Structures are given as C-alpha cells and as structure tokens.
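Visitor: Quick one: the structure is below, and I'll ask about it shortly.
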Amino acid sequence: MKYSSTMTSKGQVTIPVEIRRKLGLKPGQAVSFDLSGDIATIEQPDWHKELAALHARVREHMQRTNRTFPQTDDELREVRLQAHRDAAAYRVERMRESE
C-alpha cells in the first residue's frame, strides 16, 4: 500500500500513522533513511547493530593505544569521544561520496 505526505519548507515530513505503527516508531525516536537510486527507504534503526559497531570502534581504539581496558573515567571518556569522532568522520565521508 502506498502512502503520501507533504514536505514543509524546512524539509520536514510527517510519517503516516500506519507506517509509524508498523515500524513501532515513537515520538523522539531516531529513524534511518536509505537512498538507493531514486528510492528512499525509512526504517527503524537496529540498535543491536549500532551497539556492536560502537563496541568494535572502542575495541579498535583500545588496540591502537595498547590498552586492554580503560583505567580511569578520563580514559573511558577519551575512548568514547574518539569513537564519536571516528563515527562523525565516517558520516562526513559518506555524505561527500553521495554528492
């Protein structure tokens, strides 16, 4: 079944209630968009996959710095910040590739 919605001047679109219900989307929840050619797909993010990716980035950082685990709160904060930096750099790279 097809649904339609109108985009506002700010680029906002209301997701039809039937789709929100089907995906189990709640107010304030993140959604993912995938663009393949001329077709855009909306989906509920897979938090298991995202968490696994975060763990992998933390593990890589720990290996680069020759540590087995964070020793202090400051080290744990640095690991988390580096993972965020790496993720942001990856997103920017993907955006540039799609332009």
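Just so it is clear, none of the values below were taken in a lab; they were calculated from the coordinates. Model, not experiment: these values are computed from the prediction. When we count neighbours, we look across all protein chains shown, and the Cβ atoms used for this are built from the backbone with ideal geometry, even at glycine.
Visitor: Assuming R0 = 25 Å, what is the FRET efficiency of ILE39 and ALA88, from their Cβ-Cβ distance, to the nearest 0.05? Don't jump to the answer; show the numbers that get you there.
Guide: Numbers: r = 27 Å, r/R0 = 1.07.
Efficiency at R0 = 25 Å is approximately 0.40.
Visitor: Could you work out the relative contact order of the chain, using alpha carbon pairs under 8 angstrom and six or more residues apart, expressed as a whole percent? Mind dumping the intermediate values first?
Guide: Values: 47 pairs, mean separation 12.7, N = 99.
Across the chain, relative contact order equals 13 percent.
Visitor: For the chain, find the longest principal axis of its Cα atoms and tell me its angle to the long axis of helix 73-98, 0 to 90°, nearest 10.
Guide: 40 degrees
Visitor: Related question: How far apart, in nanometres, would the label points at ARG64 and GLU50 be if each is projected 7 angstrom from Cα along the Cα-to-Cβ direction?
Guide: It works out to 2.2 nm between the two label points.
Visitor: Which aspartates and glutamates does LYS49 reach when only Cα atoms under 16 Å apart count, and residues fewer than 8 places away in its own chain are ignored?
Guide: Counting by Cα, and skipping residues close in sequence, LYS49 has these aspartates and glutamates nearby: ASP34.
Visitor: How far apart, in nm, are the 7 Å Cα→Cβ label points at ASP73 and TYR3?
Guide: 4.4 nm
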